[in-house]
Amino acid sequence: MECVLGIWDLGFGFWDLRMLHTLVVLVEDKPGVLNRVASLFRRRAFNIVSLTVGRTDVNGISRMTIVMDNDQVNADRVTAYLYKLVNVLQVEDLRDVPAVARDLALVKVTVAGHDRAHLLRVVDETRAHIVDSSDQTMTLEITGEPPHVDAVISRLEPLGIVEMVRTGQVAMRRGDSALSTAQYS
């Protein structure tokens, strides 16, 4: 699977034509920052496809990865709006730069006697990991580019998904360049 300008080659002979922009935002780790960022999207009627927030290597600085489905003009507007928020330190749109993106899903699947062998074959073919197993269910960890996670989940659906949770996408630039937190330490 490859991503060209935010359009994913799903490996099945067709492309996902959404205009996905992955915004990486460095923010001060203070109460209310997440609410202010989410409210900005809500007020302007922009949809968030994925939102993850986590610590960085610098104490007091968090990193948000926001995936939005919109055109370049609106992505640029959101970037400008984000910079107007007091606690936002830095924003970068990874759409047009080489980037690594990963998503994680935990999926609990029902396993009847005849389904177990098929499920194990899917696990083997898709690089999923079994993290829990019981007589009635098996819980899998699926990690990879979002289209890979989607494809594995679609293969598991016929077996019977009991429960599922996804972390949302995290991303960073490929190569030596980085969104640096050093200036904030």
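Going by alpha carbons, how many degrees (0 to 90, nearest 10) lie between the helix axis of 33-43 and the longest principal axis of the chain?
Taking Cα atoms only, the helix is inclined about 90 degrees.
Could you pull out the longest piece of the chain with no exposed loop chymotrypsin sites (Phe, Trp or Tyr not before Pro) in it, calling a site exposed if DSSP puts it outside H, G, I, E, B and it has at most 15 other Cβ atoms within 10 Å?
Of all site-free stretches, the longest is 15-185.
Show me, for region 65-78, the HN-Hα J-couplings you get by feeding each phi into the Karplus relation (A = 6.51, B = -1.76, C = 1.60, θ = phi - 60°), rounded to Hz, glycine and proline as x.
Residue by residue, region 65-78 yields 10, 10, 9, 10, 9, 6, 7, 5, 4, 5, 5, 5, 4, 4 Hz.
Among H21, H148, H129, H118, which comes first, then next, by fewest other beta-carbon atoms within 10 Å?
Sorted ascending by nearby Cβ count, the order is H129, H118, H148, H21.
What distance in nm separates the two pseudo spin-label positions at N35 and S133, each 7 Å out from Cα along the beta-carbon direction?
4.6
Send over the per residue convex hull volume for the chain, Cα only, as a whole number of Å³.
Convex hull of Cα atoms, per residue: 144 Å³.
Show me the three semi-axes of the equivalent ellipsoid for region 100-170, from the C-alpha gyration tensor (sqrt of 5 times each eigenvalue), largest first, rounded to whole Å.
So the three semi-axes of region 100-170 are 21, 12, 10 Å.
Determine, for M68, M19, the number of other Cβ atoms within 10 Å of each Cβ, and report the residues in order from fewest to most.
Neighbour counts put them in this order, fewest first: M19, M68.
Any read-out appearing in this document is the output of simple, stated calculations on the displayed coordinates, not a laboratory observation. As the structure is a prediction and not an experimental result, all values here were calculated from the model. Cβ atoms come from the backbone with ideal geometry, glycine included; neighbour counts cover every protein chain shown.
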